[in-house]
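Scroll down for the structure; my scribbles are underneath it.
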Amino acid sequence: MTDLLPIREAQERILAVINARGSEPCKVELAIHRVLTEDIISPLALPPFNNSSMDGYAVRSDEVSNASPSTPVTLPVSLDIPAGFAQQGVLAKGTAARILTGAPVPDGADAVIPIEATDQFKNPQTAPMQGTVGFFKPAKAGDNIRLAGEDVQLGQVVLEKGRHLLPQDIGLLISLGIREVQVTQKARVALFSSGDELLLPGQPMSPGMIYDANTYVLSGLLENAGAEVIHLGIALDNPESVKNTLDQVLQNPPDLIVGSAGVSVGAFDYVREVIEANGSLSFWRVNMRPGKPVAFGNYKSIPFVGLPGNPVSAYIGARVFVLPIIRKLHGLPPFTQHIIQAVLDEPLHSPDGRESYFRGVIRKEEGVYHARLTGHQGSGNLFSLVQANALLIVPGEVTHIPAGETISAWSLDPELN
Ligand code: AMP
Ligand code: MG
């Protein structure tokens, strides 16, 4: 087994030759999941103006200090301020202003009394304004007023370089009136499958043939990671077809080429041969299960990852080796796997001591995670992966873990914690 590269070392060798992409401008509306390459400095204060946090009446608090249910204070209503109202005006002394949530508080007013604490409670806010309003409660200065700048101050750094933009970040950028941000360019990944047995979706099933599942497993993982996928199609099991497939990238070279199948020791595994003849191969065997035949090198100077053909192996290989590349291309720090400690409900066997990833289900019982396997663990059995919510990890050099032991499980379900 000494010629099998440990997973960690294979990951390090790959990432050593990958650099973050340059930056480009991106419309804020389209910047979800992109990575900032600049600090964002607020051009505005937020809220931009003092506004009401309730539907109610703006008042001078000292004019309603004696209000109670038995001795209401009644004031004439001198202003009506719906949301979006531009001119604040000044609240005349001895009067109140009807005001809606989010509307600007007029100068002179220092508190808002919610409609529930007035004699207008039964009157919908859409009803015509009444001449007077009776208050059942006093108010303190500042009550129910959202002050300008209480959330964000003008000139404040609100998002830092390197930030992976989330929906709420986009909302903040839009709130600040920012139209465009600088982000890392999207990783461009060329993807192909290989094998004479592969059919495209929609082609009729025929003896000896199978559908190309890997293209869709892999493009889904890549697109979820924010990469742009360039589909190269299916290479047949001959060197010319493999070379022609790969040469499609030369017009506009991607950051990475990812292929599946054709990299093991089978008589028809030409991918490795074509890479060696047109670039170089750094390694092609890793100490893992499933997924030993993972190759890394370059094709005409473009980084190349060759994943195993079996769909489960291709999926696990992509998570272990390819997604970290995408993160680095996007300028994100190394991935921290979502590892959960779980008690094994059945033993795990890894006879040859390779680092193993079993498809499993983890679930919480009385506060403790338990793990079990999902059916037959063959590396071609995609259904065992579909049923799984975690990969149960057996470290390298360990051949057996008995039931009852605690193991590390790599959660595949972002909702699980
Ligand atoms: P290979 O690496 O070419 O020996 O392929 C290993 C196994 O994976 C074989 O059973 C292939 O039929 C299967 N396989 C290869 N490519 C794909 C694919 N794109 N989709 C589904 N199965 C595949
Ligand atoms: Mg094949």
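The numbers here are math on the coordinates, done by the rules we state, and not lab data. Because the structure is a prediction, the values reported are computed rather than measured. Backbone-built Cβ (ideal geometry, glycine too); neighbour counts: all protein chains shown.
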Cα-based reach from Lys122 at 17 Å (exclusive), listing lysines while leaving out same-chain residues under 8 positions away: Lys137
Hypothetical label at Glu24: residues of the stretch 154-190 whose amide nitrogen lies under 15 Å (7 Å Cα-Cβ projection): 181-190
Alpha-carbon centroids, the stretch 380-417 and the stretch 255-332: separation in whole Å: 23
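From the cross-link list Lys186/Lys364; Lys300/Lys328; Lys292/Lys364; Lys27/Lys243, which pairs have alpha carbons spaced over 29 Å apart?
Correct reply: Lys186/Lys364; Lys292/Lys364; Lys27/Lys243.
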Leading residue at positive end of dipole, the chain (Cβ point charges), from Gln11, Ile113, Val368: Ile113
The stretch 18-63 versus the stretch 144-206: alpha-carbon centroid distance in Å: 16
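For the stretch 185-305, what does the alpha-carbon gyration tensor say about shape, rounded, prolate or oblate, given a ≥ b ≥ c as the root eigenvalues, a/c under 1.5 as rounded, and a/b over b/c as prolate?
Values: a/c = 1.36, a/b = 1.11, b/c = 1.22.
The shape class here is rounded.
Find out how many positive minus negative residues lie around Leu159, taking Lys and Arg as positive, Asp and Glu as negative, among other residues whose Cβ is under 10 Å from that of Leu159.
Values: positive: Lys161, Arg163; negative: Glu38, Asp39, Glu160, Asp169.
Summing Lys/Arg as +1 and Asp/Glu as -1 gives -2.
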Spatially proximal aspartates and glutamates relative to Lys93 (Cα-Cα < 16 Å; intrachain offsets below 8 disregarded): Asp62, Glu63, Asp80, Asp107, Asp110
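Excluding the sites themselves, what is the longest stretch of the chain that contains no GluC sites (Glu not before Pro) in a DSSP loop with at most 10 other C-beta atoms within 10 Å?
Details: sites that count: Glu160, Glu366, Glu415.
Looking at the chain, 161-365 is the longest stretch - no exposed GluC sites (Glu not before Pro) with at most 10 other Cβ atoms within 10 Å.
About the Cα centre of the stretch 68-205, how large is the charge dipole given +1 on each Lys and Arg Cβ and -1 on each Asp and Glu Cβ? Please answer in debye to the nearest 20. Don't jump to the answer; show the numbers that get you there.
Values: 11 positive and 13 negative charges, 49 e Å.
In total the dipole reaches around 240 debye.
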